[in-house]
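Below you'll find the structure, written out as structure tokens, and then a few comments.
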Amino acid sequence: MPRRKSSLMEMSALRCWPGVNHKAGRLLFLFIFAGLSFGQQLDVRPNNYYSPDTERELGERFVKHLLADVAAAPEPRLDRLGKQLTPHEAPFELRFYVFDGGKPSPDEAPAAAAPADWRRLQIDEAIAVAGGTVFVPRGLLSRNDTQLTAILAHAIGHIELRHATIGLTLGELAQVEVQAASRSRPEEAPQLVSAVATKRFAFDRTCELAADEYAARLLHDAGLDPGSLLEYLRTLPAAENKPLAPYPSPAERIQAAQAAIQNLKH
């Protein structure tokens with residue numbers, strides 16, 4: 001199995017990709033880094049090069065990196081709500097933090113593309129980190145317990161379904177593909193990078209739907225109302241589906257969540 005020790009530094013180095021122009025290189029960086037953000041189970045479980053232990057280690061390094069940029073602390077309310085959602089035989093120990101600070105980025109890239117620069121502060125969403133840590137923007141504490149529990153359930157879905165490291169695996173495979181193409185067919189590299197990025201964001205959107213489905217089941221299994229997920233989703237601003245959007249439209253998410261909740265009744 002390939003080694004998995006230097007992923008964070010490797011991903012940072014991808015801002016400048018040899019043989020690919022700046023725009024294409026930025027798209028490749030987004031593709032590989034965007035692994036943050038679940039009946040018929042949506043097929044988002046391809047090969048994963050990361051063992052659970054390595055995933056925990058990677059998550060700890062990422063948490064350390066994030067805590068250097070923002071003020072974060074445990075929050076009793078999050079612990080209380082999160083505790084009732086802990087899956088049985090969960091592979092990761094869940095931790096919940098509320099955070100302040102961060103600086104919006106002027107970059108035009110999608111908000112979810114690079115969590116390390118905290119563009120996600122502008123989104124009503126918790127940040128799920130590989131290995132079990134959930135960061136919640138302080139603004140979300142204004143939500144009622146019902147909606148906040150649904151938000152946490154969605155974040156837990158990303159963690160338990162290991163979306164971050166599956167995304168990194170896909171990114172590393174794409175890195176090899178693009179590097180080979182940039183050497184043998186440099187004139188085609190920008191188009192290939194764009195195609196790879198489009199596929200990656202399609203993967204991200206699938207992960208969002210899968211996390212919603214997982215959240216509905218988690219709420220149901222905890223004896224809570226899975227309809228609270230719909231209550232939260234209906235508060236999201238309207239948006240259209242676009243090829244490079246990291247999120248499905250709220251309308252699509254609501255429709256998929258309704259189907260998932262209906263399946264729980266059978």
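The values are calculated or read from the model by the stated rules, or taken from the named source; none is laboratory data. Please read these numbers as outputs of a predicted model, since none were measured by experiment. Because the Cβ atoms are built from the backbone with ideal geometry, glycine has one as well, and the counts that use them run over all protein chains shown.
Please verify whether the stretch 209-229 includes one or more residues that are aromatic (F, W, Y) and more than 17 Å from L152 (Cα to Cα).
no
Of a type outside the set (S, T, N, Q), surrounded by fewer than 24 Cβ atoms within 10 Å (Cβ to Cβ) and either outside any helix (DSSP H, G or I) or in contact with a strand residue (DSSP E or B) (Cβ under 7 Å, 6 or more places away or on another chain) (or both): is that true of E125 in this structure?
It is true that E125 is of a type outside the set (S, T, N, Q), surrounded by fewer than 24 Cβ atoms within 10 Å (Cβ to Cβ) and either outside any helix (DSSP H, G or I) or in contact with a strand residue (DSSP E or B) (Cβ under 7 Å, 6 or more places away or on another chain) (or both).
Per-residue answers, yes or no, for (1) in contact with a Lys or Arg (Cβ under 8 Å, 6 or more places away or on another chain); (2) at pLDDT below 60; (3) aliphatic (A, V, I, L, M):
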position	(1), (2), (3)
R26	yes, yes, no
F29	yes, yes, no
H65	no, no, no
P87	no, no, no
G101	no, yes, no
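Answer yes if at least one residue in the stretch 203-211 is assigned to a helix (DSSP H, G or I), modelled with pLDDT under 90 and under 29 Å from F92 (Cβ atoms), and no otherwise.
Yes - at least one qualifying residue is present in the stretch 203-211.
Starting from the stretch 242-255, keep only residues that are farther than 16 Å from A197 by Cα, then list their pairs with residues that are of a type in the set (F, W, Y) and part of a loop (DSSP other than H, G, I, E, B) whose Cβ atoms are within a distance under 9 Å, requiring at least 6 positions of separation or different chains.
That search, which allows pairs on different chains as well, returns R253/Y247.
If R162 satisfies every condition in (1) modelled with pLDDT under 95; (2) crowded, with 23+ Cβ neighbours inside 10 Å but one, which is the exception?
It is condition (2) that R162 fails.
Does Q147 satisfy the condition of being modelled with pLDDT of 85 or more and crowded, with 18+ Cβ neighbours inside 10 Å?
yes
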